[in-house]
Every structure is written in structure tokens, then in C-alpha cells.
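Asker: The structure's right below; bear with me while I get my questions together.
The values are calculated or read from the model by the stated rules, or taken from the named source; none is laboratory data. None of these values were measured; they are calculated from a predicted model. Neighbour counts run over all protein chains shown; Cβ positions are idealised from the backbone, glycine included. Heads up: the accessible areas ignore ligands, DNA and RNA and are worked out on the full protein's heavy atoms, side chains in. Shrake-Rupley method; radii C 1.70, N 1.55, O 1.52, S 1.80 Å.
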Amino acid sequence: MSTDLFKETVGTSFIYRNRTVYELTMRGLYGRHYGARYRAIAGIVPDGASVVDVCCGPATLYSGYLRAKSVTYTGVDLNARFIAQVVRAGGHGEVRDLHAHTPLPGGDYLIMQASLYHFLPEPAPIIDRMLAAARKQVIIAEPIRNLATSDNRVLAAIGQRFTNAGDGAQAHRFTEATLDELIRGYESRIVERSLIAGGREQLFVLSA
Ligand SMILES: C[S@@+](CC[C@H](N)C(=O)[O-])C[C@H]1O[C@@H](n2cnc3c(N)ncnc32)[C@H](O)[C@@H]1O
């Protein structure tokens, strides 16, 4: 079996296998705050802007929230099935392993939601690459409730299954304290900082 096929069939967390499973899981985790996490980001992006969504998943942000604002949308993700969904929704899509240190596509707004933990233990380089590619702002929203180590056994089990996107399992997550420490390195660029999705995610907007 080739490495890529192995990753596709065996290595990837069950939750990342297809859009329906992924979206149902996210709805379960975020409950009534599910839509709010996307609306918080879409509300920052002005009509007609160009957006690059890094680790975009199955284009939920685009198809449900940004398409109506006539943005030019490019989604980048390791998961070819998710990128096929981006293209079906009318966006541009690129299948890429973002651990490779190549420049990101340029755009007014570079966005990453619920994916920074995939770059632990060294998350700063992906933020720096986003800043280099952004003409206006970088928007990052990251979960700070540590689902992977939750006291709730069901949530903990689900959280742990998010760890392998197809490039190997990552056991680490951010807490509010570790995310704060990281973002302190970008203090002079912070335009906005808030909690979204009922306090489940911390949002940072950085000037490019
Ligand atoms: C929890 S999902 C978030 C998706 C979307 N941003 C959202 O909030 O609905 C994390 C995404 O990161 C992608 N991903 C993880 N590691 C990656 C890597 N090394 N390169 C590219 N994409 C990656 C996964 O395939 C998955 O779609």
C-alpha cells in the first residue's frame, strides 16, 4: 500500500473521513454555539474581500457564511475529500500538507479556525507564514477548552479522535494559558481578541 493510500485509509481520524461525520461531530461539540463560531469570523471579513482559509475542512465557513458576501475564497487542507467539497461549493481549493514550509497563497485575510493545535509543538512558523501571505489581517480562532482531556468521557473520546488529520497523531492541545503565551509574541499586531462560541474558542485578529 502506498504511503498516501495508507494515510487515507488507515491513518486519518474517523472524524476527518467525510463531511457529514465531521459536521455532525462539530455540531455535537459546539451545540447551540456551532453557527456562532463561523459567524464571528465571517463578521470580520468585508464583502468582496479575498480570503485564504488555512486548514479549511469541508468549506463550512465558505458555503454557509462567506459565499453570500461575494468573497474570493481559497481553502487549503490536507484532506482531498474536504477540498473537493470546497470546489463543489464554488471556491478554489488546494490539497497541501501545511507542515511543508512553502509560502501560502496570498489574500486580504488569512484565516485559521480550530487547527493551530495540529502545528504543536511549534505553532509560530505557520502564523508567520500566514502573516507573510496576508495583505490585511490574519484571523485565528482556536479551541481553549481542552476536549481531548475533558472530564466528560464522551467529549474526551471525541476530542482525541480529532488528533490525526492524516499526517500522524498529535496529542497536544492549547489551553487559554498556552495560547496567551504564544500570542504575546504578536502583541504589537493584535487588533482584536475575544472569546467566541460560548467561550469555547479564543479569537485573535492580527494586522499583517
Ligand atoms: C478541526 S478541523 C477544522 C476545520 C475548519 N477550519 C473548521 O473550523 O470547521 C482541522 C482541519 O485541519 C486539517 N489539517 C490538519 N493538519 C493539516 C496539515 N498538516 N496540513 C493541512 N491541513 C491540515 C484537517 O484536515 C482538518 O480539515
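Asker: When segment 105-116 is examined, which residues are found to be within 18 Å of Ala59 (Cβ to Cβ), small (Gly, Ala, Ser) and either away from the ligand (no atom under 12 Å from the Cβ) or surrounded by fewer than 18 Cβ atoms within 10 Å (Cβ to Cβ) (or both)?
Answerer: Residues of segment 105-116 within 18 Å of Ala59 (Cβ to Cβ): 105, 107, 109-115.
Checking which are small (Gly, Ala, Ser) leaves us with 107, 114-115.
Across segment 105-116, the qualifying residue is only Gly107.
Asker: Something else: Could you figure out which of (1) more than 9 Å from the ligand (Cβ to nearest atom); (2) over 20 Å from Ala132 (Cα atoms); (3) in contact with a Cys (Cβ under 9 Å, 6 or more places away or on another chain) isn't true of Phe82?
Answerer: Just one mismatch for Phe82, condition (1).
Each row is one residue, and each column tells you yes or no for (1) loosely packed, with under 15 Cβ neighbours inside 10 Å; (2) within 20 Å of Pro46 (Cα to Cα); (3) in contact with a strand residue (DSSP E or B) (Cβ under 8 Å, 6 or more places away or on another chain).
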position	(1), (2), (3)
Tyr73	no, yes, yes
Asn79	no, no, yes
Pro103	yes, no, no
His118	no, no, no
Glu122	yes, no, no
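Asker: Considering segment 124-137 alone, what residues qualify as being of a type in the set (A, V, I, L, M, F, W, C), surrounded by 15 or more Cβ atoms within 10 Å (Cβ to Cβ) and more than 20 Å from Leu78 (Cβ to Cβ)?
Answerer: Start the filter on segment 124-137 by keeping residues that are of a type in the set (A, V, I, L, M, F, W, C), which leaves 124, 126-127, 130-134.
If we keep only those that are surrounded by 15 or more Cβ atoms within 10 Å (Cβ to Cβ) as well, we get 126-127, 130-131, 133-134.
Leu131, Ala134 - these are the residues of segment 124-137 that are of a type in the set (A, V, I, L, M, F, W, C), surrounded by 15 or more Cβ atoms within 10 Å (Cβ to Cβ) and more than 20 Å from Leu78 (Cβ to Cβ).
Asker: Going by the structure shown, is Met26 open to solvent by less than 30 Å² (accessible area, probe 1.4 Å), under 16 Å from the mean Cα position of the chain (by Cα) and at pLDDT 95 or above?
Answerer: Details: open to solvent by less than 30 Å² (accessible area, probe 1.4 Å): yes; under 16 Å from the mean Cα position of the chain (by Cα): yes; at pLDDT 95 or above: no.
No; evaluated as a whole, the condition is false for this residue.
Asker: Tell me, which residue of segment 17-58 that is assigned to a loop (DSSP other than H, G, I, E, B) and aliphatic (A, V, I, L, M) is farthest from Ser194 (Cα to Cα)? Reasoning before the result, please.
Answerer: Taking segment 17-58 first, the residues assigned to a loop (DSSP other than H, G, I, E, B) are 17-18, 43-49, 55-58.
So of that shortlist, the ones also aliphatic (A, V, I, L, M) come out as 44-45, 49.
Working: Ile44: 12, Val45: 16, Ala49: 22 Å.
Restricting to residues being assigned to a loop (DSSP other than H, G, I, E, B) and aliphatic (A, V, I, L, M), the top hit is Ala49.
Asker: So, one more: If you take the residues in segment 59-71 that are open to solvent by less than 10 Å² (accessible area, probe 1.4 Å) and not in a loop (DSSP other than H, G, I, E, B), which one is nearest to Gly48 (Cα to Cα)? Spell out the reasoning first.
Answerer: Initial filter on segment 59-71 (open to solvent by less than 10 Å² (accessible area, probe 1.4 Å)): 59, 61, 66.
With the extra rule that they be not in a loop (DSSP other than H, G, I, E, B), the set shrinks to 61, 66.
Values: Leu61: 15, Leu66: 10 Å.
If we take residues in segment 59-71 being open to solvent by less than 10 Å² (accessible area, probe 1.4 Å) and not in a loop (DSSP other than H, G, I, E, B), then Leu66 is nearest to Gly48 (Cα to Cα).
Asker: Continuing with this model, one more query. Counting only residues that are closer than 20 Å to Ala134 by Cβ, not hydroxyl-bearing (Ser, Thr, Tyr) and not in a strand (DSSP E or B), how many does segment 185-208 have?
Answerer: Qualifying residue count for the region: 4.
Asker: Among the numbered conditions (1) touching a residue at least 60 places away in the same chain (Cβ under 8 Å); (2) in a loop (DSSP other than H, G, I, E, B), tell me where Pro121 comes up short.
Answerer: With respect to (1) touching a residue at least 60 places away in the same chain (Cβ under 8 Å); (2) in a loop (DSSP other than H, G, I, E, B), Pro121 is out only on (1).
Asker: Which of (1) at pLDDT 95 or above; (2) within 11 Å of the ligand (Cβ to nearest atom); (3) over 23 Å from Tyr34 (Cα atoms); (4) assigned to a loop (DSSP other than H, G, I, E, B) is the odd one out, the single condition Glu94 does not satisfy?
Answerer: Every listed condition holds for Glu94 apart from (4).
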